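Single-structure report; data block below.
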Amino acid sequence: MRGEQPWKTNRSRVLRSQTSIAERKLWSALRNRQLDGRKFVRQAPVDIYFADVLCREAKLIIEVDGATHGSDTERAADAERTAKLAALGYRVLRFDNIDVIENLAGVLDAIADALRAARA
């Protein structure tokens, strides 16, 4: 049982209100079980992190990275975060904002492939 954690709920609400254009575009394609019949949630707490998009059933986290993920330091932090989430049993997919905006179909194909792999 997850239990009540009001600070996480409030933080999730704030993050959902501040989504990028790419995150909104991806969310519109994933919400309401539109992809593979799977339920996705936005800005969901996972351990000490907040996943941009999460499918709990498949233990799949989707991160949409903008310009703030370009330096070596930021990439190293992302890699550390991914490793910690993987240790918790999650698979993390990362997409750049531009990929979501310009190639949404390709992004959705990659997510669908990851969902199929989670079933196997």
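Here the range 32-100 is treated as an ellipsoid with the same Cα gyration tensor; its semi-axes, largest first and in whole Å, are 21, 15, 9.
Length gained on full extension, ASP109 to ALA86: 6.1 nm, using 0.36 nm per residue less the C-alpha separation.
Electrostatic bookkeeping for ILE101 treats Lys and Arg as +1 and Asp and Glu as -1; over the other residues with beta carbon under 13 Å from its beta carbon, the sum is -3. Annotation: VAL46 carries an accessible surface of approximately 10 Å², with a 1.4 Å probe and no ligand, DNA or RNA atoms counted.
Largest to smallest in accessible area, the residues GLU74, GLU63, GLU23 fall in the order GLU74, GLU23, GLU63 (1.4 Å probe, all protein chains included).
Accessible surface of LYS39, taken over heavy atoms with a 1.4 Å probe and every protein chain present, rounds to 110 Å².
When ASP78, ASP99 are compared by accessible area of protein heavy atoms, the largest-first order is ASP99, ASP78, using a 1.4 Å probe. Ranking of ARG119, ARG38 by solvent-accessible surface, largest first: ARG119, ARG38 (1.4 Å probe, protein heavy atoms only, all chains present).
The values are calculated or read from the model by the stated rules, or taken from the named source; none is laboratory data. As the structure is a computational prediction, the values presented were derived from the model and not from experiment. Cβ atoms come from the backbone with ideal geometry, glycine included; neighbour counts cover every protein chain shown. To get the accessible areas, we keep the full protein, side chains included, count just its heavy atoms, and leave off ligands, DNA and RNA. Shrake-Rupley method; radii C 1.70, N 1.55, O 1.52, S 1.80 Å.
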